[in-house]
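Input: a single structure, listed below in C-alpha cells.
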Amino acid sequence: FLGTYQVSADVPNQISLNSYISMFVRLILVMGVVFEMPALAAILSRLGVIHRGLLRKYRKHAVVVLMALAAVITPSGDAFTLFMVSLPLYMLYELSILMCKEKVEEEE
C-alpha cells in the first residue's frame, strides 16, 4: 500500500525505511492485541470482572467501537475494506461472548 501511494504527482514520496517499518510494527501490535480479545475476555470472566450478559448488553456499543478500530487499522478508506476488517473483529467479539461465563448470583 505505502509503496505505491502518492498524494499528487507534484509531491514526491519521501517514505523512509524507518517510518515504513514503524508503521508495520504498530499495525502488528494492534492486530496482535485485537486477536487476543477472546482470551482476554475469558480471563476477565474468570476473575469476575465481566460476564456474558454484560457483553451481550453492550453489543451495539461494541459494534461502533469495532468499526472505529477497523477504520484505524484499515489502510484505505473504502467501505468494502472497512467491512472486510470489521467483520473478523465482530466475529472475535461474538467468540468472546461465548468464552465468558454466565454471571453467578450470590446467595444471601
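The values are calculated or read from the model by the stated rules, or taken from the named source; none is laboratory data. Because the structure is a prediction, the values reported are computed rather than measured. In this analysis, Cβ positions are derived from the backbone assuming ideal geometry, glycine residues included, and neighbour counts consider all displayed protein chains.
Computed values, structure above
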{"quantity": "Matching residues, the stretch 49-108, being under 15 Å from the mean Cα position of the chain (by Cα) and among the small types (Gly, Ala, Ser)", "calculated": "Ala62, Ala68, Ala70, Ala71, Ser86, Ser96"}
{"quantity": "Qualifying helices (runs of 4 or more DSSP H) (wholly inside the chain; at least 1 residues being exposed (fewer than 12 other Cβ atoms within 10 Å of the Cβ), among the polar types (S, T, N, Q) and at pLDDT 80 or above)", "calculated": "17-34"}
